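Scroll down for the structure; my scribbles are underneath it.
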Amino acid sequence: MKKSILILFILTSFLSSAQKTENIIIITTDGFRWQEVFKGLDPAIANDKKFNQGDSTYIYKKYSASDFAASRQKIMPFFWSEIVSKGQIYGNRDLGNKVDVANPYWFSYPGYSEIMTGNVDVKINSNGYKANPNVNVLEFLNKQPKLKGKVAAFGAWDAFDRILNEERSGFPVISAFDNLGGNKPTPSQKLLNEMRNNSYKPFHEDECLDVFTHYQAMDELKTKKPKVLYIAYGETDEWAHHGHYRSYLDAANQVDKWIQEIWDFVQNDPQYKNKTTLLITVDHGRGDKVKSQWTDHGADVAGASQIWFAAMGPEITPKGEIKTDSQLYQKQFAQTIAKIMAYNFTTDHPVDSEVKEIFEK
C-alpha cells in the first residue's frame, strides 16, 4: 500500500513538474512573409518606385545590412535575439524547413479558421463568410474548468467576431471598432475607446490601426489577467495590399516591439513569469517570384501558401531557428496550442495532430 502511494506521489510530482505552462498568448501578424522573417529586406521590392513610397533611403537606412542575418534582425530585433535564443522558429524554406497552409484558398478567413479549429473546412471560401460553424481551440479551452472565463481575443479586423464565432464561443472577442467594457468601461477602457473611435481610419470601419488592438489587449492582460489570450495584428497585410513596402516593414518592426513589451510584462508578473508560452504565426503568405505579386495572396498567387511560426515558453526546448527538412501545416497549430496547455483538443470535426517537434527535447 505504501509502495503504491509512493509511486502515485512520484508520478503526480513528475506530471506537475513536466507541465509548467499555465498561460498562453497567441499572436498573429496578418500576411507577413517568411521571406522578410528569414532573409530580411528584399532589395527588388525596396528599389522599385512602385513600392518604396519614394523613400528607399529610409528603408535601406533602417533595415538594410551587410547580410541577411543582420537585416532580418533589424526588422525583428526581439525575434532574432530573445526568441531565437530561448524558443523555436520554423519556416525557412531556403533550408528545407517548410510550413504551409493546408486550405486551398490562401487568404485570411480560411487561414485563421485553420489556425484556430485545426481543420480545413472547404466551405469557408470567403472573407465575408458567416459565423464559423466549427469549434475553435479557444472556445474549447474556455470550457475547461481551470480556464473558464479566462480566455479573450483582440483583433484589428472586424471579421474576428465571425471567425471565432463570438456569440457561440462564450468568450469576449474585441475586433476592429468594438468598444471595451460594455456599458461600464473603466477610465482606461473609455479612453482607449475614444482614441480609437476618433482615430485616422485608413482601412475604414473594417479594421482599426494595430496600436489600438495592442493597447486594448495589454489593458486586458494587466487588469483581468487572462490565461489564454489571442492578439491579431493586421497592418502588415494592409500596407502590403497598398504596395507600401516601407510601411509594411515598419508594421512588422512595431509588432516585434510589441511582442517584446508583452514578454517583458509577463516575465515581471507573478502570475505569468516562467509560466507563459508565446506562439506567433500568420494566416497566409504572399507572392514572391513575380515581384509585383508580393502585394497579394490567394490561390492564384504562387507562394501565398507559405507561412512560418515561432514559439517560446516553459514547454519549448530552446532550439533556435530550425534548419532540418520538414513539412508542417497550419492546421497543426490548434492542437499544439491545446497540448502546450496540457489538453487534448477534441470536437465534432477532425482536429489535426500537434507539431510534435516543438515538444521534443
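Values computed for the structure shown
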read-out	value
Angle in degrees between helix 187-197 and the longest Cα principal axis of the chain, rounded to the nearest 10	30
3J(HN,Hα) from dihedral phi, region 157-170, Karplus parametrisation 6.51/-1.76/1.60, rounded to Hz, x for glycine, proline	8, 5, 6, 5, 4, 7, 4, 9, 6, 4, 4, 7, 5, x
Using alpha-carbon coordinates, inclination of helix 210-223 to the longest axis of the chain, degrees	20
Cα-centred dipole magnitude for region 300-361, charges only on beta-carbon of K, R (+1) and D, E (-1), debye, nearest 20	200
For region 220-361: rounded, prolate or oblate by the Cα gyration tensor [a/c cutoff 1.5]	oblate
Relative contact order %, the chain, counting alpha carbon pairs below 8 Å whose residues are six or more apart	31
Loop-located trypsin sites (Lys or Arg not before Pro) in region 18-67, at most 11 other Cβ atoms within 10 Å (DSSP)	LYS49, LYS50
Cα-Cα over 22 Å, subset of LYS184/LYS275; LYS98/LYS143; LYS98/LYS331; LYS123/LYS150	LYS184/LYS275; LYS98/LYS143; LYS123/LYS150
Nearby aspartates and glutamates by direct alpha-carbon distance to LYS20 (threshold 13 angstrom, same-chain neighbours under 8 apart not counted)	GLU315
C-alpha long axis of helix 108-117 to longest principal axis of the chain, angle in °	10
Gaussian network model of the chain, springs between alpha carbon atoms under 10 Å - residue of THR236, THR347, THR277 with greatest fluctuation	THR347
Relative contact order of region 242-327, defined on C-alpha pairs under 8 angstrom at six or more residues apart (%)	24
Dipole magnitude (debye, nearest 20) for region 86-126, charges at Cβ of Lys, Arg, Asp, Glu	100
Size of electric dipole in the chain: Cβ of Lys, Arg +1 and of Asp, Glu -1, about Cα centre, debye, nearest 20	1240
Selected from SER56, SER188, SER113 as most flexible by GNM, with the chain as the system and alpha-carbon contacts under 10 Å	SER188
Separation between Cα centres of region 312-361 and region 36-80, rounded to whole Å	30
Label-point separation, SER85 to LYS62 (7 Å along Cα→Cβ), nm	2.5
Residues whose placed amide H lies under 5 Å from that of VAL99, excluding near-sequence neighbours	ILE307, LEU328
Alpha-carbon centroids, region 245-310 and region 179-233: separation in whole Å	19
Pairs of lysine residues in region 192-274 - Cα separation under 25 Å, sequence separation of 8 or more or cross-chain	10
Computed E for GLU357/LYS184 - FRET, C-beta separation, R0 35 angstrom, nearest 0.05	0.15
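No lab work stands behind these numbers, since they all come straight from the coordinates. Because the structure is a prediction, the values reported are computed rather than measured. Because the Cβ atoms are built from the backbone with ideal geometry, glycine has one as well, and the counts that use them run over all protein chains shown.
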